[in-house]
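To start, the structure itself, in structure tokens.
Bear in mind that the values in this text are calculations on the coordinates, not laboratory data. Everything numeric here is computed off the predicted structure, so don't read it as measured data. Heads up, the Cβs are rebuilt from the backbone with ideal geometry, glycines too, and the neighbour counts pull from every protein chain shown.
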Amino acid sequence: MLPGYGPVMQAFLGTLFTWSLTAAGAALVIVIRGSQRKLLDASLGFAAGVMTAASFWSLLNPAIEMATESKIYGENGEYAFLPVAFGFFLGAIFVYGADKLITVLGIHSPNMMLGKVTL
């Protein structure tokens, strides 16, 4: 919370802040030319870490707390991580399978003909 600002102004400033960070990240395309594989790998690794942390604090941790409170997974919730871990790994398997399917179907190919979009 920003003291001294109303809710609408706080929402506006928060939106402006996130927009400016997104624009700064997108501007790196102009500054960095060519194929710099190490930079791309580092960027993707950082993004994966951020998304994993976001999924933990927003989804996985509350799910573990709910499973603990349900008393289905042990008297003290000692096995409450099991349904969450199962869902997490099932999602990882789905993403891996989708990646392999896209490769097999040739959808990743830059030579693939895309339909022309007209208004």
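So what is the relative contact order for the range 1-108, in percent, with contacts set as C-alpha pairs under 8 Å and at least six apart?
10
Cα extents of the chain along the three principal axes, largest first, in whole Å?
56, 55, 38
Using alpha carbon centroids, what distance separates the range 14-46 and the range 74-108, in Å?
28
When only DSSP loop residues count, what chymotrypsin sites (Phe, Trp or Tyr not before Pro) in the range 1-36 have their Cβ near at most 13 other Cβ atoms within 10 Å?
Values: sites: Tyr5, Phe12, Phe17, Trp19; in loops: Tyr5.
Passing both the DSSP loop test and the Cβ count: Tyr5.
Not counting the cut sites, what is the longest span of the chain without trypsin sites (Lys or Arg not before Pro) that DSSP labels loop and that have at most 14 other Cβ atoms within 10 Å?
For trypsin sites (Lys or Arg not before Pro) (loop position, at most 14 other Cβ atoms within 10 Å), the longest site-free span of the chain is 72-115.
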